[in-house]
1. Give, as a single signed number, the net charge of other residues whose beta carbon lies under 14 Å from the beta carbon of Glu50, with Lys and Arg counted +1 and Asp and Glu -1.
2. With a cap of 11 neighbouring Cβ atoms within 10 Å, and only residues DSSP puts in a loop, list the trypsin sites (Lys or Arg not before Pro) found in segment 4-112.
3. If you build a Gaussian network model of the chain, linking Cα atoms that sit under 10 Å apart, which residue out of Pro48, Pro126, Pro31 swings the most?
4. Tell me, what ³J(HN,Hα) does each residue in segment 17-26 have, in order and in whole Hz, if you take phi through Karplus 6.51 cos²θ - 1.76 cosθ + 1.60 with θ = phi - 60° and put x for Gly and Pro?
5. Treat every Asp and Glu Cβ in the chain as -1 and every Lys and Arg Cβ as +1, leave all other atoms uncharged, and give the resulting dipole magnitude about the Cα centre to the nearest 20 debye.
6. Using the eigenvalues of the Cα gyration tensor, what equivalent ellipsoid semi-axes result for segment 1-78 when each is taken as the square root of five times the eigenvalue, whole Å, largest first?
7. Rounded to the nearest whole Å², what accessible area per residue is found for segment 16-142 with the 1.4 Å probe?
8. Whole-Hz ³J(HN,Hα) for each residue in segment 49-66, computed from phi via Karplus 6.51 cos²θ - 1.76 cosθ + 1.60 with θ = phi - 60°, x for glycine and proline: what do you get?
Amino acid sequence: VDVSPRMVALARRAHPHLRFHVGSMTALDLPDATLGGITALYSIIHVPDEHLPAVFAGFRRVLAPGGQEMLLFQFEEDTDGRHLAERYGRPVDLRYHWRTPDTVAGLLTDAGLEVRARAVLAPEGPSRLRMPRGYVLARRPA
């Protein structure tokens, strides 16, 4: 599931044996308990705080019992987000919402998911990594 029709087209072309469709994690148009797993890579940073509990409740709803969920996201400890008005020389209205792995883990627990692991990958030395990355693995109880 991706909001971008172009990304879905690329995914279908690269993996024709898998199912892909255009949609949003804020309104998953999928039957209950039908997914074995969810991976959200650097996407929850675009969801405002007030919508995140509903997103995680939706994840729980569509995961089959025992289904796994892996979230990866960047964050900064000393701020709750960032707003960009320009990107690559073009005007944009892009907002990032930062949350620590502990905060995300708490929201997942509130949604009825079991947090299995959480970790932080911190920037070290000369690296492309400019800010910490959070990793949280959870599952829907069996």
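1. In short, -1.
2. Details: sites: Arg6, Arg12, Arg13, Arg19, Arg60, Arg61, Arg82, Arg87, Arg95, Arg99; in loops: Arg19, Arg99.
Filter output for segment 4-112: Arg19.
3. Highest fluctuation among the options: Pro126.
4. 7, 10, 9, 9, 8, 6, x, 9, 5, 7
5. Working: 18 positive and 16 negative charges, 142 e Å.
Charge dipole, the chain, about its Cα centre: 680 debye, nearest 20.
6. Details: eigenvalues 91, 58, 29 Å².
Calculated on Cα positions only, the semi-axes equal 21, 17, 12 Å.
7. Values: 7750 Å² over 127 residues.
That works out to 61 Å² for each residue.
8. Once rounded to whole Hz, the list reads 3, 5, 9, 5, x, 5, 4, 5, 5, x, 4, 4, 4, 8, 6, 6, x, x.
The values are calculated or read from the model by the stated rules, or taken from the named source; none is laboratory data. Because the structure is predicted, anything quoted here is derived from the model rather than measured. No Cβ is skipped: glycine too gets one built from the backbone with ideal geometry, and neighbour counts run over all protein chains shown. Ligands, DNA and RNA are stripped out before the accessible areas are found, and what is left, the full protein with its side chains, is counted by its heavy atoms. Shrake-Rupley method; radii C 1.70, N 1.55, O 1.52, S 1.80 Å.
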